[in-house]
1. Do the conditions hold for residue 5, that is, is it among the hydrophobic types (A, V, I, L, M, F, W, C), loosely packed, with under 10 Cβ neighbours inside 10 Å, without any contact (Cβ under 8 Å) to a residue 12 or more places away in the chain and assigned to a helix (DSSP H, G or I)?
2. Which of the residues belonging to segment 14-27 are under 16 Å from the mean Cα position of the chain (by Cα) and assigned to a helix (DSSP H, G or I)?
3. Taking segment 15-34 only, how many residues are at pLDDT 90 or above, among the aliphatic types (A, V, I, L, M) and surrounded by 10 or more Cβ atoms within 10 Å (Cβ to Cβ)?
4. Are there any pairs, at least 6 apart or on different chains, whose C-beta atoms fall under 7 Å, with the first in segment 28-40 and free of Cβ contacts under 8 Å to residues at least 60 places away in the same chain and the second surrounded by 11 or more Cβ atoms within 10 Å (Cβ to Cβ) and in a helix (DSSP H, G or I), and if so, which?
Amino acid sequence: MSEVLLAVFAGVLVGFVFSAIKLPLPAPPVISGIMGIVGIYIGGQAYQLVVEKFFS
């Protein structure tokens, strides 16, 4: 849980700093960014499943 809180704090800090110095936020559009993260997670889980099923 502390990793999640640190990640949120870091994100808020970066967003604040970038907004303060008038730079665009370093983040993808909301929906495509979320779907990219979901895709990475599913790919990682699929890899673990394949390795456990076929190579164990």
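1. So residue 5 passes the test.
2. Let us first name the residues in segment 14-27 that are under 16 Å from the mean Cα position of the chain (by Cα), namely 14-15, 25-27.
Of everything in segment 14-27, those that are under 16 Å from the mean Cα position of the chain (by Cα) and assigned to a helix (DSSP H, G or I) turn out to be 14, 15.
3. 1
4. Between residues of segment 28-40 that are free of Cβ contacts under 8 Å to residues at least 60 places away in the same chain and residues that are surrounded by 11 or more Cβ atoms within 10 Å (Cβ to Cβ) and in a helix (DSSP H, G or I), the close pairs are 28/36.
The values are calculated or read from the model by the stated rules, or taken from the named source; none is laboratory data. Bear in mind that the values here come from a model prediction, so they are computed numbers and not experimental data. Every residue, glycine among them, receives a Cβ derived from its backbone with ideal geometry; neighbour counts consider all protein chains shown.
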